[in-house]
Amino acid sequence: MVFKIAFHALKTAFKGLSLTVKHLFGAQKARQELDITKDHYFDNQTGIATVQYPKVKMPIPEVARYQLDVEIDDCIVCDLCAKACPVDCIAIEAIKSPEVIGKTSDGSVKRLYPARFDIDMAKCMYCGLCTVVCPTECITMTDQYDRSSTKLTDLIYGFSDMTDDQVAQRKSEWTKFQAEKEAAKLK
């Protein structure tokens, strides 16, 4: 009985090793076509399909969904992206302005300051809904996919460029404007 078990163990070990050696010497050439956007990508099924990452990177499809980016100068702080997000990974805090503060690159009028515009990429499910609803197309999916971190807080991307002093000043301006407006109504 012991000899039978030992014989079976040696037989399966030899079978596994021979399969490994077969693949070791059989896969000498890299796959010729690595760009999935090319027409002949699926025609050639032989060769090594993996690449020596990060030295060699696979081309990614044009419509791929990876890290989010926000062009904050084009953001009108409408909050539509945060409302569309199914996992609530976008946090926005807006401060109203008593007057027009500028225009975006597509001509949209800006009336809100982005006191806070954070995206938690650890929560993001890469659905792309935020990019679809954005009226100024300031939030986009980039082709960057190889970002990693040991701390979850590093995956919270902050896009607002306002300092604490600027936030306090803008809030003060809005409060003063509201007080003047109320005082004018009482006269």
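The values are calculated or read from the model by the stated rules, or taken from the named source; none is laboratory data. Just so it is clear, the model here is predicted, and its values are computed rather than measured. For neighbour counting, all protein chains shown are included, and Cβ atoms are generated from backbone atoms with ideal geometry for every residue, glycine included. Keep in mind that these areas ignore ligands, DNA and RNA; they rest on the heavy atoms of the full protein, side chains included. Shrake-Rupley method; radii C 1.70, N 1.55, O 1.52, S 1.80 Å.
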Checking segment 95-154 for trypsin sites (Lys or Arg not before Pro) in a loop per DSSP with at most 12 other beta-carbon atoms within 10 Å yields 147, 151
Taking a threshold of 24 Å on the Cα-Cα distance, which of the pairs 83/176; 103/123; 83/185; 29/55 fall above it? 83/176; 103/123; 83/185
At q = 0.15, 0.16, 0.23 Å⁻¹, what is the log10 ratio I(q)/I(0) for segment 8-57, with the Debye formula run over Cα points and no solvent? -0.57, -0.62, -0.87
Amide H contacts under 5 Å for residue 103, placed H, 5+ residues apart: 110
SASA check, residue 175, accessible area w/ 1.4 Å probe, all protein chains in place, rounded to nearest 10 Å², comes out at 90
So what is the diffusion coefficient of segment 49-123 in µm² per second by Stokes-Einstein at 20 °C and 1.002 mPa s, using a Kirkwood Rh over Cα pairs? 142
Table column - 3J(HN,Hα) (Hz), segment 110-120, Karplus curve with 6.51, -1.76, 1.60, x for Gly and Pro: 9, 10, 10, 8, x, 5, 8, 8, 10, 10, 8
Loop-only check: which GluC sites (Glu not before Pro) in segment 109-187 are DSSP coil with at most 14 other Cβ within 10 angstrom? 137
Measure of compaction for segment 1-127 (Cα Rg per 2.2 N^0.38 Å): 1.97
Compute the helix-to-body angle for 164-186: its Cα long axis versus the longest principal axis of the chain, expressed 0 to 90° and rounded to tens. 40
Spin-label pair residue 4/residue 51, simplified geometry with 7 Å Cα→Cβ offset, distance in nm: 5.3
Extension gain from residue 42 to residue 27, taking 0.36 nm per residue of separation minus the Cα-Cα distance: 3.6 nm
How are the Cα pair distances of segment 80-172 distributed, in percent, across 5 Å bins from 0? 2, 12, 18, 23, 19, 14, 8, 3, 0
Work out from phi, with θ = phi - 60° and the Karplus expression 6.51 cos²θ - 1.76 cosθ + 1.60, the ³J(HN,Hα) of each residue of segment 47-64, listed in order in whole Hz, and give x for Gly and Pro. x, 6, 8, 8, 10, 7, 5, x, 5, 10, 10, 6, x, 10, x, 5, 9, 5
